[in-house]
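A.B. asks: Below is one structure. I have some questions about it.
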Amino acid sequence: MTQQAAQPVTQARAIWLMTKMRLTRQRNMLANNLFGKFRKKKARDGIAGKKSSLWVLTALLVLVMSFSFTGLSRNVLLNMNCHLVASSHCNVVDKDHVPFQNVELAAAELRKAPFQPELLRGLTMVLTLLFGLAVLLPLGSKELAQPDWDLEWLVTMPVERPTLLWGRLLERSAANFSGVFALMPPLGMIAWYSGLGWFAPLAALAALLVLLPLAALLHTLADTGLRMWLPASQLRNLQAVTGLFSMPLIYFVMALGMPNASGFVMDWARAFPAWTGWTPPGLVLQAMQASSLAQAGQAIALLLAQTAVLLWAGVALMRHQLRNGVVNAGSRESVRRKPQAAPTAGRRLSEAFTPIKRRELRLLSRDRNFLVQTLLLPVIIVVSQLVFNGKLNSFAELGVNHVTAATIAFGIGVYMLMLSAFQTLNNEGQVLWLLYTVPRSIESVLKEKAQLWGMLTLIYPLIIVGISAWYTTHFEWSMLALLLIVFAGIPIYSLIAVSLGVFACDPLAVDARARVRPTYIYLYMLLASFYTWSIYSDVWSQKLVVMVLVASLALALWQKARDALPYLLDPAAAPPPRVSTSDGLIAATAFFIMQGLIALFMMRAMEMPAQPAVTIGFAAAGLLVYVLIRFIYWRSKTAGVPAILRGGDMKLTMGYGAMAAFIASAVGLAYLTGLQHSALWADIAKQSPASAVSRGWLLALAVLAAPLCEEFIFRGLIYGGLRRSMSAMPAMAMSAAIFAVVHPPMSMLPVFVLGLCTAWTYERSKTLLGPMLVHAVYNAVVLCWQFWM
């Protein structure tokens, strides 16, 4: 049997192999993020294998992002038509004489006639900027700062250097996903409103096949030249600067789709030079807007000719860059030991921190890319968004609009935490296992990191608040509420960022760019936007509800992360199932959603009166949630499931319950007595049911259904989960706060006391019967007193 002769590597095959290698790597990274946890992994030592539904969340986020980019592209096109075209009829005035842009009229105008020259110039600017992003985003990736350059081993292939360069262009064109997301939606929208109809996606794809190779050419020219001229340390600095420069471009394009965007954004679009219409982005617009096949053919021919010339000239220039080889002898870094300096004030200050915190500060000072992204990128992101959207024209506005100042302070803080605290485990890289060898728990290490980043992040909010205070002319008490929200939110989101970073980190990933799962970054930003809503809210109870819920969510995520830490380096094992705070939060959310849906169905479909419908919906939702949770716990063999009576002492349970019921009822009656002498009592009396039937349904709801359902969720699950992570008193206070904020604002104070009493009873009796009795007695006493009064 003779050995088969090796297949010769032709130019076409070499280019195909390079492209296939790049696409295979991208496919593997995507499959690992989406479906890696879908594969069955063998359980070991009686421990269940890891399960995850991350692929569902990731697929949903990708779908939402695609829809958002398409909608943003449409808004940019229609908004620019209203602002740039003087003859457009989309600028109308409503019945209150308030001017606004009717984008539907703009859409109808674009479908009927070719784009006006002013709009074409503006769209040429947009495509040019997006083309620049298709170059800058890949160039600013971590590949530029990596000391190993794949071209150094690609030259060992038995092919000529020009073939490698053409292959490099093709592989980077095919793998430029950021360029696809940046250019495909606007090109598709332009083609759609140019009259191409359902051929618009094909036209946009054809334009991408021309523009992406040009973006890959500029990327490769810059990458090749910089690697030959600069050492690795300066490449890292350049990577950070590139990332900073690309963010204002993104927000500049986004601002073009905002009706109230800053005027200079549209002024730049209006003043964009007309000669740019003969560049590749401009020729793409000409081809889509052509009124005849001959005109379209001319534009396409000129576009292809330009592309061919530019690609040929670019490859020739790269050959000149590599004329002396692919290794620049002077570009490698050398280590030079500096003499030991005397202790400075900054050094003495750093020594005041713990060793873990000093290590984080030292790593931050050494990694300039990390330093720039952590300290400067959040400022550029937030300020660019506000400036380009027309919400901030000067620092003096911070002293007038305190909500904007609070939003900026919190926004910069959460962005900084996303780029720092979120990366606590990912920055450890392949040596993460060393943290498991130090003589202390990894949980305590993460706590110190969360504290450090929380303290560092507070610097920017303090600066913003100082500027706002400097320009403030009169004091308002609402300013203190905004300060409390901002300065309470930073440590909360520091804990959330570290917790989500545990789940987002993949320490076993070979490629450093794949170590962070982006799905958790989007989840973090979604949670941050939820907290930002409380800054804009004018209702104090809504602010309090959001703060308490977010704080409880932070504790729940930290508990989940703490349970996962011992198994982080094991791809097959997972922590044993136990009752956690997150279970209670999920159950509470499902309970309140289902009871509303059931009650609405019974009132609409069955025409049932409101009071019985609400009572039945409450009881049915509670029973359904209880059965589902019990079934899930039974299937997963969860430990720590709360019991109603099993294992408890009936005598002690009744004694503790009677004592707690007396205290809770006394506080409730005292609170109602105080309200009776206030102006609010008239509104409360109007809401009290007058008929005996309504009062009977309300008593059944409050005395029977509510204690059974709510005590299982708030004491059994939420308090039981919190008790695993903290001592009794903080867990009681936190569970009582969560219990209080889901009730009407008028009853939060006595309900908080009720939550404390029921949690104390549960802690003492270890069964749910005690807190259920306390809850039932409290509701009966309060309702009977209200009915009697």
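A.B. asks: Whose amide H sits under 5 Å from the amide H of Arg578, counting only residues 5 or more places off or on another chain, with H placed in the peptide plane?
C.D. replies: Ala639
A.B. asks: At a threshold of 8 angstrom on Cα-Cα distance, excluding pairs fewer than six apart, so keeping six or more, what relative contact order does region 520-631 reach in percent?
C.D. replies: RCO, region 520-631: 17 percent.
A.B. asks: Also, I was wondering about something else. Whole percent per 10 Å bin, from 0 to the bin with the longest distance: what is P(r) over all C-alpha pairs of region 386-576?
C.D. replies: The distribution over region 386-576 is 9, 33, 31, 17, 9, 2, 0, given as percents.
A.B. asks: Sticking with this structure for a sec: If we count other beta carbons within 10 Å of each Cβ, what is the order of Phe752, Phe601, fewest first?
C.D. replies: Phe601, Phe752
A.B. asks: Considering the options Asn427, Thr437, Leu482, tell which one lies farthest towards the positive end of the dipole of region 386-576, charges being +1 on Lys and Arg and -1 on Asp and Glu at the Cβ, about the Cα centre.
C.D. replies: Positive-most Cα among the choices belongs to Thr437.
A.B. asks: Continuing with this model, one more query. Which of Ser534, Ser87 has the fewest other C-beta atoms within 10 Å, and how do the rest follow up to the most?
C.D. replies: Ser87, Ser534
A.B. asks: Assuming R0 = 45 Å, can you tell me the calculated FRET efficiency for the pair Leu704 and Val438, based on Cβ-Cβ distance, to the nearest 0.05?
C.D. replies: 0.25
A.B. asks: Explain nothing, just compute: Karplus ³J(HN,Hα) = 6.51 cos²θ - 1.76 cosθ + 1.60, θ = phi - 60°, for every residue of region 126-137 in order, whole Hz, x for Gly and Pro.
C.D. replies: So the J values, rounded to whole Hz, are 4, 5, 5, 5, 5, 5, x, 5, 5, 8, 6, 5.
A.B. asks: What's the FRET efficiency of His743 with Tyr567 using the Cβ-Cβ distance as r and R₀ = 35 Å, to the nearest 0.05?
C.D. replies: The calculated FRET efficiency here is 0.35.
A.B. asks: A further question follows. Order 410-420, 430-440 from most to least packed using the mean count of other Cβ atoms within 10 Å.
C.D. replies: By packing density, highest mean first, the sequence is 410-420, 430-440.
A.B. asks: Take the alpha carbon gyration tensor of region 738-789, find the square roots of its eigenvalues, order them as a ≥ b ≥ c, and report rounded if a/c is under 1.5; if not, report prolate when a/b exceeds b/c, else oblate.
C.D. replies: It is oblate, given that a/c is not under 1.5 and a/b is not larger than b/c.
A.B. asks: Also: Once fully extended, how much extra length lies between Ala294 and Leu624, figured as 0.36 nm per residue of separation less the alpha-carbon to alpha-carbon distance?
C.D. replies: 112.1 nm
A.B. asks: Right, another one. Per-residue HN-Hα couplings for region 313-320, Karplus 6.51 cos²θ - 1.76 cosθ + 1.60 at θ = phi - 60°, whole Hz, x for Gly and Pro?
C.D. replies: Couplings: 5, x, 5, 4, 5, 5, 4, 5 Hz.
Only the coordinates and a few stated rules stand behind these numbers; no lab work does. Keep in mind it's a predicted model, so treat the numbers as computed, not measured. Don't worry about glycine lacking a Cβ; one is built from the backbone with ideal geometry, like all the others, and counts go over all protein chains shown.
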